[in-house]
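Below is one structure, written out as structure tokens, with a few remarks after it.
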There are 2 protein chains.
Amino acid sequence: MDTSHLLHLYHQKLRMFQNELNITLNQFGLYHSQWTILYTLYQKGNITQTEIWQYLKVEAPTITRTLVKMEQRGWVERKIGTDKRERIVTLTERAISTYPEIIQAVKQTEELFLEQLSKQEKLTLQHLLEKLSIERDE
Amino acid sequence: MDTSHLLHLYHQKLRMFQNELNITLNQFGLYHSQWTILYTLYQKGNITQTEIWQYLKVEAPTITRTLVKMEQRGWVERKIGTDKRERIVTLTERAISTYPEIIQAVKQTEELFLEQLSKQEKLTLQHLLEKLSIERDE
DNA sequence: TAAAATTATTTACCTAGGTAAATAATTAAC
DNA sequence: GTTAATTATTTACCTAGGTAAATAATTTTA
């Protein structure tokens with residue numbers, strides 16, 4: 001079993017999907033990582049930046065950067081909370097009203113990417129992905 | 001079937017692996033994308049930059065950037081070919097002599113990441129990944 | 001064979017991810 | 001209640017990916 005080949009394939013397919021998603025999102029002036037945050041906020045309501053990066057499992061600076069851009073472009077607002085260290089992120093009216101159109105386009109791209117898999121195969125893929133991990137002893 | 005969840009999981013697991021691989025490669029002063037090029041050159045011998053980016057399925061500027069760094073750090077040389085537009089990339093002595101040690105460490109990290117999958121599951125995963133694609137009509 | 005098209009690489013500029021360290025606010029400890 | 005530790009966010013700096021356009025060399029074509 002050539003694990004390097006498997007992981008290279010894994011990497012390539014992700015890039016392929018993200019590039020395609022960027023093309024889809026371009027009509028809305030969004031990038032795939034911005035969409036991920038928009039999606040999270042739509043599901044979870046007004047949450048702090050920490051809640052966002054913990055949920056998305058990326059580092060805090062990544063979220064700060066992307067949110068600053070999204071705020072400039074009118075997708076979100078970042079209000080200071082009662083705990084003055086934290087920023088509570090809310091979607092703008094525009095973000096909420098455009099959301100249904102965006103998610104429809106995204107779902108279509110996702111389904112296009114997964115098209116060759118049966119329902120069962122998608123479940124199998126998810127099951128296998130869940131098993132991937134690094135167990136570090138520390 | 002929540003395709004967004006599936007793709008988010010996919011993305012997260014890749015980052016998890018790459019971060020771990022970077023930690024592994026840190027002892028050699030390498031990053032995962034540099035390793036990928038080193039691996040390709042070791043397999044394929046002296047090839048042009050175009051051959052590298054076509055094989056790895058990334059864009060040309062990505063390869064230029066990484067190779068410039070790798071040249072500065074003594075992993076590769078880039079010689080001008082008989083076609084003076086092209087650069088033929090060769091591994092340095094150091095790269096060749098350190099390679100066995102590096103690939104051993106990389107394989108170990110790869111296997112750690114895939115550890116929870118049986119031999120059959122790895123094959124299934126590969127088979128499913130191969131089916132992922134974007135069919136664009138143009 | 002001179003002009004036009006193509007090809008290989010690079011440059012400039014963008015998003016997306018990471019770590020380390022700084023800052024400011026809050027909580028815990030003494 | 002002041003000091004120390006922790007927490008949320010940001011800043012600075014790095015790799016890794018993308019597109020668009022520039023440059024230089026080679027091929028094609030008229």
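A short reminder: the numbers here are calculations on the coordinates, not readings from a lab. Predicted model, so just to flag it, every value in this text is computed and none were measured. Cβ placement follows ideal geometry from the backbone for every residue including glycine, while neighbour counts extend to all protein chains displayed.
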(request) Give region B:27-41 a look and list any residue that's among the aromatic types (Phe, Trp, Tyr) and touching a residue at least 60 places away in the same chain (Cβ under 8 Å), or say none. (result) B:Phe28, B:Trp35, B:Tyr39
(request) From B:Ile63, B:Ile102, B:Ile96, grab the single residue that is within 12 Å of DNA strand C (Cβ to nearest atom), within 28 Å of A:Met1 (Cα to Cα) and assigned to a helix (DSSP H, G or I). (result) B:Ile63
(message) So for region A:65-72 (the condition being of a type in the set (Asp, Glu), surrounded by 14 or more Cβ atoms within 10 Å (Cβ to Cβ), within 18 Å of the chain's Cα centre (by Cα) and within 14 Å of chain B (Cβ to nearest Cβ)), does at least one residue qualify?
(response) no
(message) So B:Gln120 ticks every box in (1) loosely packed, with under 11 Cβ neighbours inside 10 Å; (2) in a loop (DSSP other than H, G, I, E, B); (3) among the polar types (S, T, N, Q); (4) away from DNA strand C (no atom under 16 Å from the Cβ) but one. Which box is left unticked?
(response) (2)
